[in-house]
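Enquirer: Before I ask anything, here is the structure I am working with.
Coordinate-derived values only; no laboratory data. These numbers were taken from a predicted model, which means no experiment stands behind them. Note that each Cβ is placed from the backbone with ideal geometry, even for glycine, and that neighbours are counted across all protein chains shown.
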Amino acid sequence: MKAWTNIVQPDLILDGSVLKLTPEILQQHGLKGLVLDVDDTLVPVTVTSASPELKQWVAEIRTYADLYLVSNNLSESRISSIAQSLDIPYHLGAAKPSRRKIRSALQEMNLPAHQVAMVGDRLFTDVIAGNRLEMFTILVEPIVHSGMVLRSNPVRNFEVWISEILGASITPRYTKVHKD
């Protein structure tokens, strides 16, 4: 188990949304799979379908990595609709930072944890869960559709503040040299 300083530290912080995650980044870090958060990572929490840009990103990325959605959201109709529109298997009600449903996704992907990235917009759910499983962790900025105003997220801001107090560095494009 990692020290608290490291448990909240993402391996990679993208300066932008998940759409900035490229095949080159996957190859650079030896990643063969992605476990993706849904709400505000792939689609805004109020949206029930994938944008054309997200569908295009998924089509490109899936040629390099297996994909799996793991969401804390409990809405079967919403998460299944998004998953079906992207043709990606999913688990909902994950209660991250619980590892149970992420571990199940890893087993279904048949990949070792160190070859799979946990990708999300939240430190205290996505990053902690991925780090607890010794996955590669990627923090992204929340995604917004064009025409939507970027809203401040007090919970996310609080998580960043606490993480920095604990010694994490939450700077875009920061990459840890190695897992502890």
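Enquirer: Specify the inter-centroid distance of segment 8-43 and segment 69-100, based on alpha-carbon positions, in whole Å.
Expert: Spelled out, the Cα-based centre of one part sits 17 Å from the other.
Enquirer: If you add up the charges near LYS55, with Lys and Arg at +1 and Asp and Glu at -1, over every other residue whose beta carbon is less than 13 angstrom from its beta carbon, what do you get? Each step should come with its number before you reach the end.
Expert: Working: positive: ARG62; negative: GLU53, GLU60, ASP87.
Once positives and negatives cancel, what remains is -2.
Enquirer: While we're here: What's the whole-number percent of alpha carbon pairs in segment 1-111 lying beyond 25 angstrom?
Expert: Working: 1180 of 6105 pairs.
Tail of the P(r) past 25 Å holds 19 percent of the pairs.
Enquirer: What does the charge add up to near LYS96, with Lys and Arg as +1, Asp and Glu as -1, over the other residues with Cβ less than 9 Å from its Cβ? Don't skip to the answer; put the middle values down first.
Expert: Working: positive: ARG99, LYS101, ARG122; negative: ASP37, ASP126.
After counting each charged neighbour, the total is +1.
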